[in-house]
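The values are calculated or read from the model by the stated rules, or taken from the named source; none is laboratory data. These numbers were taken from a predicted model, which means no experiment stands behind them. Glycine gets a Cβ as well: all are built from the backbone with ideal geometry, and neighbour counts include every protein chain shown. Calculation scope for accessible area: heavy atoms of the full protein, side chains included, ligands and nucleic acids excluded. Shrake-Rupley method; radii C 1.70, N 1.55, O 1.52, S 1.80 Å.
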Amino acid sequence: AGGPITEIVFALGAGGEVVGTDTSSTFPAPAAALPKFGYQRQLAAEGILSLTPGLFLASDEAGPPEVLEHLRQAGVRVATIGTPKEKAAIAKRVVDVGEAIGAAEAGKRLASELETAIAGLTKRAEARSSRPRVLFLYARGQGTMMVGGRNTSADLILELAGCTNAAAELSGFVPLTPEAAVASKAEVVLVPEKGLASLGGKTGLFATPGLAETPAAKGERAVAVDDLLLLGLGPRVAEAIDAVAAQVFV
């Protein structure tokens, strides 16, 4: 449960042992084709148990908690994996997944590769001559619009890309308000592709109260990246940061 967790399992060579995934697990293609048991934040025990798993591997965002407890009581081993909020945690998550699935050595090797990649991204970010103010927006239509402040995966993505988080005065993911949008003084808005589509593209995005008054709106500077690639912070983290940087630093 959790697209990044699934992606890591496949990267460690254990994809053939996976019997089902949640709907956020869209990469790689074999994972997307597996039976689905719902969305990670809205799980139901029956659908999971119908797949007769020996291990249920879940992100710490998965739930509700009573469903995980139901699985435990049914004899399923449940392993919960933390979501990275700092650079070191990206590699640690890979190690944790490797240990949970009995692939500890493979996990350590992949984690080492990621640490090298992250070090390179950090060096490049620190060398940038400008750090544009970028507002990370998670959207599912006008009814669900959240900005990523400090201590979030969004903040980490912006740091690795060499950007200034325009919502750094906030903590966590919080609902977007017109006041917060104006105060952000965002020069660019970064949004997952599905989120941008749910708003009707750039036109709908920059019609949002508050965002319409930002420098980003004046220049129509919206950057969209594939949802799982952008939010995963997993084996493809360097590809994700490159995709962001290629559109922000133009």
Exercise. From the square roots a ≥ b ≥ c of the eigenvalues of the alpha-carbon gyration tensor of segment 83-194, which class results: rounded (a/c under 1.5), prolate (a/b over b/c), or oblate?
Worked result: oblate
Seminar exercise, completed: From the Cα centre of segment 123-140 to that of segment 64-122, the distance in Å is 26 Å
For this session: Among 152, 181, 10, flag the residue with its Cα farthest along the positive direction of the charge dipole of the chain, charges on Cβ as +1 for Lys/Arg and -1 for Asp/Glu.
Result: 181
For this session: Just read off the accessible area of residue 26 with the full protein assembly in place, 1.4 Å probe, to the nearest 10 Å².
Result: 70 Å²
Seminar exercise, completed: For the chain, the count of lysine pairs 8 or more apart or interchain whose alpha-carbon atoms are under 30 Å apart comes to 24
Exercise. Which GluC sites (Glu not before Pro) from segment 157-250 combine a DSSP loop assignment with at most 12 other Cβ atoms within 10 Å?
Worked result: 169, 220
Exercise. Given a 1.4 Å probe and the protein chains all in place, what does the accessible area of residue 225 round to, in Å² to the nearest 10?
Worked result: 10 Å²
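Please give the FRET efficiency for residue 131 paired with residue 33, using the beta carbon to beta carbon distance and R0 = 35 Å, rounded to the nearest 0.05.
Details: r = 41 Å, r/R0 = 1.16.
So, using R0 = 35 Å, E works out to roughly 0.30.
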For this session: Could you tell me how many degrees, from 0 to 90 and to the nearest 10, lie between the Cα long axis of helix 87-100 and the main elongation axis, the longest principal axis, of the Cα atoms of the chain?
Result: 20 degrees
Seminar exercise, completed: Per DSSP, the loop-located chymotrypsin sites (Phe, Trp or Tyr not before Pro) within segment 1-97 having at most 15 other beta carbons within 10 Å are 39
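Could you rank 60, 227 by how accessible they are, 1.4 Å probe, largest area first? It would help to have the intermediate numbers written out before the result.
Working: 60 80, 227 20 Å².
I get 60, 227, largest accessible area first.
Would you please classify the overall shape of segment 132-250 from the alpha carbon gyration tensor, given that a ≥ b ≥ c denote the square roots of the eigenvalues, rounded means a/c under 1.5, and beyond that prolate means a/b larger than b/c while oblate covers the rest?
On the way: a/c = 1.41, a/b = 1.32, b/c = 1.07.
Rounded, because the longest to shortest axis ratio a/c is under 1.5.
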For this session: Quick one: accessible surface of residue 27, probe radius 1.4 Å, all protein chains present, in square angstrom to the nearest 10.
Result: 80 Å²
For this session: Starting from segment 11-87, pick out the GluC sites (Glu not before Pro) whose DSSP state is loop and whose Cβ has at most 12 other Cβ atoms within 10 Å.
Result: 86
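What is the calculated FRET efficiency for residue 112 to residue 164, with r their C-beta to C-beta distance and R₀ = 41 Å, to the nearest 0.05?
Numbers: r = 30 Å, r/R0 = 0.73.
Given R0 = 41 Å and the Cβ-Cβ separation, E is 0.85.
Please state, as a whole number in µm²/s, the translational diffusion coefficient that the Stokes-Einstein equation yields for segment 148-194 at 37 °C and 0.692 mPa s, with Rh defined as the Kirkwood radius across alpha carbon pairs. Kindly include the intermediate steps, with their values, before the conclusion.
On the way: Rh = 11.0 Å.
The Stokes-Einstein estimate is 299 µm²/s.
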Problem set entry | Rotationally averaged projected area of the chain (alpha carbon convex hull; nm²) | 13.0 nm²
Seminar exercise, completed: In Å, the C-alpha Rg and Dmax of segment 32-143 are 18.1, 56
Exercise. Against the longest principal axis of the chain, how steep is helix 237-248, in degrees 0 to 90 to the nearest 10, with axes from Cα atoms?
Worked result: 20 degrees
Exercise. Counting only Cα, what are the radius of gyration and maximum Cα-Cα distance Dmax of segment 26-67, in Å?
Worked result: 10.7, 31
